[in-house]
């Protein structure tokens, strides 16, 4: 049904890798600035903000890795397998992240209630 191998020119694969590398560098600079901003202004939600940034960083790293793998797929079946694995991993990570966010929010709410006068 499909050819056994994609005939993607090496130049195109190299260009794709360079684009991913450049995008990743831009994200790293943005992420560093965002992390500094969160750390500079402590708030009751700082823990949640820090966790959220960590989750975003984890997700973006997985996305960049995924893009690199896709650039080297040799056929549609391999590309589909890479895509399915990526989606499965992202869904698992999202579930874990939501659980951690809910725990952090619950702890922050409890802490705020405990600090209220008469609480």
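The figures follow:
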quantity	calculated
Within the chain, helix-based [θ] at 222 nm, where runs of 4 or more DSSP H residues each add -39,500 (n - 2.57), nearest 500	-29500 deg cm²/dmol
Ascending count of other beta-carbon atoms within 10 Å, so fewest first, for 23, 52	23, 52
Degrees, to the nearest 10: 10-40 long Cα axis against longest axis of the chain	10
Contour excess over end-to-end distance, with Cα ends at residue 37 and residue 14 and 0.36 nm allotted per residue	4.8 nm
Ordering of 107-114, 53-60 by burial proxy (mean other Cβ atoms within 10 Å per residue, highest first)	53-60, 107-114
Neighbour-count ranking [beta-carbon atoms within 10 angstrom, fewest first] of 68, 88	88, 68
Three principal axis lengths of the chain [C-alpha, angstrom, descending]	72, 30, 10
Ranked 72, 66, criterion: other C-beta atoms within 10 Å, fewest first	72, 66
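A short reminder: the numbers here are calculations on the coordinates, not readings from a lab. Because the structure is a prediction, the values reported are computed rather than measured. Because the Cβ atoms are built from the backbone with ideal geometry, glycine has one as well, and the counts that use them run over all protein chains shown.
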